[in-house]
Structure formats: structure tokens, C-alpha cells
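Read the structure below first, then the notes.
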Amino acid sequence: MPGRQNRPNLNGTEVNLLDYTEALIAGFTAIYQLLLKHRDELLSKQGPLDCFAEDEVRIILRGTRTYARLLEESFHPDVLRNGLERDRYFDRLWGGIENSPDLVKIIPAELEDLLQGDIPMFVTHPSSSDIWSSSNKQINDILTQPGLEFVKNHIRQLSNQDLERQLWFISASLTTLFVGVDQKQSHYHLTELETIADYEQLYSAAQVIGERLEALALHSENNVNWLGLTLEKERYWSLLPLGLDLYDGLPGVALFLGYLGAITQESRCSTLAQTTLATMRRQWERRQSSITWIGGFDGWGGMLYTLAHLGVLWDNPALLAEAEAGVDLLLPLIEKDERLDIFSGAGGCISSLLVLYRCTSSERILAVAIKCGDYLIARAQSMKKGIGWVVPGMAKEPLTGFSHGAAGIAWALLELAALTNIERFRTAALDAIAYERSLFCPEEANWLDLRELDTSDAATNNHQHCMTAWCNGAPGIGLARLRCLHHLDDSETRAEIDTALKTTLAEGFGSNHSLCHGDLGNLELLLQASEILGDSQLRSQVNRLAGAILDSISKQGWLCGNPLGVESPGLMTGLAGIGYGLLRLAEPTRVPSVLVLEPPKVNSISTRT
């Protein structure tokens, strides 16, 4: 969309709004505090607002462009041959009236103006709920309340807490100007402390995040939601109500609050988790036909994963039954899947279905997972070494990595092979790992990130691009290989795990606190390596890094995984994920790893002692 004259220019150059972030926030804060300071004066009968009570102001009830388009089309020859046809044409004003029944009162005045070749215009006074047409006809009780009273009510609600929320809106809106995940990511100086993080510190920090999510929640009747920053198509940040994806939507928030409530025995957390899940289920019921992706973090798989976990956590068989019924609904979508990966495609669907299968033992669920596996084999592309899968819109070549690449898909296929004893899945997994190994870059001690990112500095610095995160790069690939050890324990796999650990320790900390591409996500590799490899030294390193992360949070606040580190509620880039990561560090035997879509730890949740 081309820019217009409303976009500011200075000396012929377009102004970069982000250069003025501090000034915008300072100016807004100063004016807000000024209004708060003089609130009583503003609300008084003789105050400055009442001076405007009887002024005439225009009120927009329908878009001027709508009127203009309607008027323009009314001069088409087809509706000018007969006056009755033109009258019928203007009956379009009745369209959608069932959603705005009060507009019935203004249609006669609209017709009067349109038949005279004018754009309909209405005016009101700030002290009145009535409006007047262009011919000065009074139309009663159109407004729910006078404009002046609306403004005064808003001024009465001003508070320091609301100021904080408004400043968040500004910061979050500015974040949407960035493109991609790599631009302007938050960075901080992480210093390993002599002291290590203990259970109580981690536990308390997770509780504080639960309280913060409760404070940020937006309630209406029996629903609850949050506004959050969502990354769309790996490129564009949008400020939206949370959706139905596990990654940054309602399922992820419900999952964190559910585990927090179960472990802390705080009924407030559990109640909020249940309300969040109820909101998610209502949205799911309304939007089933529009959900086309089937992956573990975006699509059907993530919702089934959440239902399975909360069904076990709350001992609620109805949730498991609901998830099982959802499997039939996603079945037709498998052959339409273009994404294929763990994040939003068949790879993640396999992982989520296997979790649900372990909770229900339903052979029907396993059969659908097998169908996903066969679909992946059919869509695999032969490479010079091994096979890979192209994710449309992200790259022209098959990718490496956990969330979108070979590592995650190979791990899912190996899990499926182990459960079904079907050799073709194991063969495909080994071929995928062979392809990924061909893209290892010894100079970087990492695997190439082949995504077509505008932010890649490969073109400018003439070196190959690698990322060090769960989603792409060594930490996620290391996690996948660790989880594959049960099925593929050889020297090459263990060497890759060792490389991933060293690269993650060297480069994986000090950016932000998120799970997807932040410190808590990278720390998961060290945590699982310490458990699977039985390495006590690694566990000590985990505790020291956890202490450094807590120290950073106490000094700088929560740094979420978006370009400005702005507070956002979701699981993989926001507060719910930071809380979940801290809770898992405190209780690794009771809180499963969401980063590898781990199943519930049955009978592990009990009253905290």
C-alpha cells in the first residue's frame, strides 16, 4: 500500500516513528498525568468541558465513503431509466440493519439527502442523546449516552493502572512496525551469579507472572481474553486478541495457568485457566471451518495437545473425549497440508496425536498419526543427501531446525516408528537427519538457517546465516537429537548433541527471556541434556543460568520475544511461556516440556508440600 500525505516527512525524508518512541511516551504520560491532576476541575459544572455542552458537532453514523459510493452508483443508467429502480437501489441502506436496529430511525433522512445528490449529514450536541439531520429534523435517542457524559465517565476512570495499560498499547503498536523476528530483538548483559536459583525463587517468579496475566485479562460475561503481539507468516507483528494457536494464543495461556494452579493449589489460577479454556472452546466451535492448519503450535494439533494435558491434569475425561472427537474433524485437512513442519503442519500433528494416543490408547488416533506420517513421506523431496520438506513462503529449499525443518519432522517420524514398528517412518527420519547434517557449518558450529529473511546479514557480511534458538539452530536441533537418542544412539548423534550444547552455551543467552527464541527456550536444551545424559555438571550450569535470568527479570522486567521486548501474554514469545519455563525449572519432574510437545507426566501433579 503506497504511503499518503498523512505520513510525516522532515526535509523531504520520511520520519522513522521509532526514533521518537521516548518522546511519544513522555508526551502521552505528561498529558495523561495533567488530566489526572485536574480531574475534579474538568468534571465540575463550571469546568472547561461544560463550555462545549451546546456546541454543534458532526456525528458519523455510516462511513462517508459508503454514502459516496452509493450516490455515485445511483447515477448508473440501469437505475436512471425508472425512478422506482433508483428508489429500490437506495434500499441497500437497509442492509445489515439487524445488527444496528437504531439506524432504522435515520434512513428517511439519509434518503432525503441522497435524492438531493448530497452526502447525508447529521449533527448533535455533546449534552444530548438526540441527533439532527441536514434539514434540522430532530431524531430522538440515537446515542446510548450524551457525548459529554461519555467523556466525563472516561475521565473518571483515569488511573495510574490505566496509564500503564495505555503505554503498553503504544509500545505494542510501535512493535508492529518491525518485520521479522531478528530485527531489533531485545538484548541484555547476562551475568552468571555465584548463587544459583532455588525452587522458591523460581516458584515465586512463576506465581508473579500468573498474577500479572490475571491483571491483564479482559473479561466479558463468561469469556476472558488478552491483547497480544502475534507474529504472522514469520514476518509481520500484529496487535490482536489472542487466537487459537498454542504458540501465542489462548491454548498456551490456559496450559500455563492450568499447571500453575495445579502445582500452587491457587484456585484463582485454576479458575482463570478454566475460563480461558472455555473461551477457547467456544471460539473453536465457531471457527472450526476456518482452521486449516494442523500443526503442534499453530492449528488443530496445538488445541488437541492442550485439551489432552488439561484433561489429565484436571482428571476430566470429557476434555479427552472432546479432543478425540476433534481428530475426526482434522482428518480431511491432512491431504491439504502445505506446511508439513512441526509448527503448523503434519509433523506437529503427529506429535500432538501421539500425546493424545498415550492419554486415551485410541487406535483411531494412532491411525490418523500414521496417515500424517505417510503424507510426509509422499511430500518429501529428494536432495543430494537425504530428504527434506519445503515450507511455502519461508524458503525455496528444505529447512533445518526444530520448528520448521528436518530436525523436528525426523524426531516426530522416529517417535511414530517406535510406537508402530513401521520401518518406512524410521527410514524417512534417518534420511531427513542425513540432509540436515549436510547443512552443518563447522565455522559457526551450527546448522544453516535457509529461511528467506530480510534481516539476514549474510548478504552484507558475506557469511552464512545461523540462528541459536529453539525454533531454528543449534538449541532446537540439539533437543531433537536428545529426544532421538532412544531410537538412534550412535557416536554421530552424540557428537551433534555435544556441538549443540557448546554453541548454545557460547551464543544462546542474553537476548530475551522467551521460549521460542530466548534464554528459557535455550535453557531447555541444557535441562534435558542434564537429565537424559545424567550430567550433574550441566544441571549446575542450568541452575546458575536460571539465577542469572531471574536477576535480569528483577532488574529489567520480563523481556518477551518481540522486537522491543514488549510485554505480551502468549506462550512461546510472551509472559505465559516465561512463567511456564520458570515453573518447569522449579518442577521438571511434574511440568512437561512444551518445546518437545511432551505428554502429561501422569500422577505427577499433587498438592505442594
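The values are calculated or read from the model by the stated rules, or taken from the named source; none is laboratory data. Not measured: the values here are computed from a predicted model. Quick reminder, even Gly has a Cβ in these numbers, built from the backbone with ideal geometry, and neighbours come from all protein chains shown. Remember, those area values only see protein heavy atoms, side chains included, never the ligands or the DNA or RNA. Shrake-Rupley method; radii C 1.70, N 1.55, O 1.52, S 1.80 Å.
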Within the range 141-174, of all residues that are of a type in the set (Gly, Ala, Ser) and in contact with a helix residue (DSSP H, G or I) (Cβ under 8 Å, 6 or more places away or on another chain), the one modelled with the lowest pLDDT is 171
Restricting the search to the range 378-422, which residues are open to solvent by 60 Å² or more (accessible area, probe 1.4 Å) and under 27 Å from the mean Cα position of the chain (by Cα)? 393, 396, 397
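A quick yes/no check of all residues on (1) touching a Pro at 6+ places or on another chain (Cβ under 7 Å); (2) farther than 30 Å from residue 216 by Cβ; (3) open to solvent by less than 50 Å² (accessible area, probe 1.4 Å); (4) outside any loop (DSSP other than H, G, I, E, B):
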residue	(1), (2), (3), (4)
109	yes, yes, yes, yes
113	yes, yes, yes, yes
120	no, yes, yes, no
155	no, no, yes, yes
158	no, no, yes, no
Name the residue that is nearest to residue 33 (Cα to Cα), counting only residues in the range 124-157 that are out of contact with any Leu (no Cβ under 6 Å at 6 or more places or on another chain) and among the basic types (Lys, Arg). 156
Odd one out for residue 319 among (1) buried (at least 20 other Cβ atoms within 10 Å of the Cβ); (2) on the phi > 0 side of the Ramachandran plot: (2)
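Check 325, 380, 346 and return the single one that is more than 20 Å from residue 570 (Cβ to Cβ) and out of contact with any strand residue (DSSP E or B) (no Cβ under 9 Å at 6 or more places or on another chain). Walk me through how you get there before you give the answer.
On the way: 380 fails: out of contact with any strand residue (DSSP E or B) (no Cβ under 9 Å at 6 or more places or on another chain); 346 fails: out of contact with any strand residue (DSSP E or B) (no Cβ under 9 Å at 6 or more places or on another chain).
The match here is 325.
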I'd like the full set of residues that are within 33 Å of the chain's Cα centre (by Cα) and either assigned to a helix (DSSP H, G or I) or among the acidic types (Asp, Glu) (or both), limited to the range 427-446. 428, 429, 430, 431, 432, 433, 434, 435, 436, 437, 444
For the range 92-107, enumerate the residues that are of a type in the set (S, T, N, Q) and either surrounded by 10 or more Cβ atoms within 10 Å (Cβ to Cβ) or in contact with a helix residue (DSSP H, G or I) (Cβ under 6 Å, 6 or more places away or on another chain) (or both). 100
For the range 66-89, check the following and say yes or no: at least one residue is in contact with a Lys or Arg (Cβ under 6 Å, 6 or more places away or on another chain) and within 30 Å of residue 39 (Cα to Cα). no
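Can we say residue 208 is modelled with pLDDT of 95 or more, part of a helix (DSSP H, G or I), within 28 Å of residue 471 (Cβ to Cβ) and under 11 Å from the mean Cα position of the chain (by Cα)?
Working: modelled with pLDDT of 95 or more: yes; part of a helix (DSSP H, G or I): yes; within 28 Å of residue 471 (Cβ to Cβ): yes; under 11 Å from the mean Cα position of the chain (by Cα): no.
No; evaluated as a whole, the condition is false for this residue.
How many residues are aliphatic (A, V, I, L, M) and outside any helix (DSSP H, G or I) when one looks only at the range 358-401? Give the steps one after another, and end with the answer.
Of all residues in the range 358-401, those aliphatic (A, V, I, L, M) come to 365-370, 376-378, 380, 383, 387, 390-391, 394-395, 399.
Now narrow it down to the ones that are outside any helix (DSSP H, G or I): 380, 383, 387, 390-391, 394-395, 399.
Going through the range 358-401 one residue at a time, the tally reaches 8.
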Output the residues belonging to the range 587-609 that are at pLDDT 95 or above and among the aliphatic types (A, V, I, L, M). 591, 594, 595, 596, 597
Residue selected from the range 211-231 under the condition small (Gly, Ala, Ser) and part of a strand (DSSP E or B), by the criterion modelled with the lowest pLDDT: 220
How do the pairs read when you match residues in the range 496-511 that are touching a residue at least 12 places away in the same chain (Cβ under 8 Å) with residues anywhere that are among the hydroxyl-bearing types (Ser, Thr, Tyr), using Cβ under 8 Å and keeping only pairs 6 or more apart or on different chains? 503/468; 504/468; 507/468; 508/468; 510/188; 511/186; 511/188
Taking the condition on the phi < 0 side of the Ramachandran plot, open to solvent by 20 Å² or more (accessible area, probe 1.4 Å) and modelled with pLDDT of 95 or more, does residue 273 pass? no
Of the conditions (1) open to solvent by 10 Å² or more (accessible area, probe 1.4 Å); (2) within 20 Å of the chain's Cα centre (by Cα); (3) of a type in the set (D, E, K, R), residue 324 fails just one. Which one is it? (2)
Looking only at the range 122-140, and only at residues there that are open to solvent by 40 Å² or more (accessible area, probe 1.4 Å) and touching a helix residue (DSSP H, G or I) at 6+ places or on another chain (Cβ under 7 Å), the one that is nearest to residue 48 (Cα to Cα): 127
Taking only pairs six or more apart or across chains, which ones have beta-carbon atoms under 9 Å, a first residue in the range 145-156 that is without any contact (Cβ under 8 Å) to a residue 60 or more places away in the chain, and a second residue that is open to solvent by less than 60 Å² (accessible area, probe 1.4 Å) and in a helix (DSSP H, G or I)? 145/153
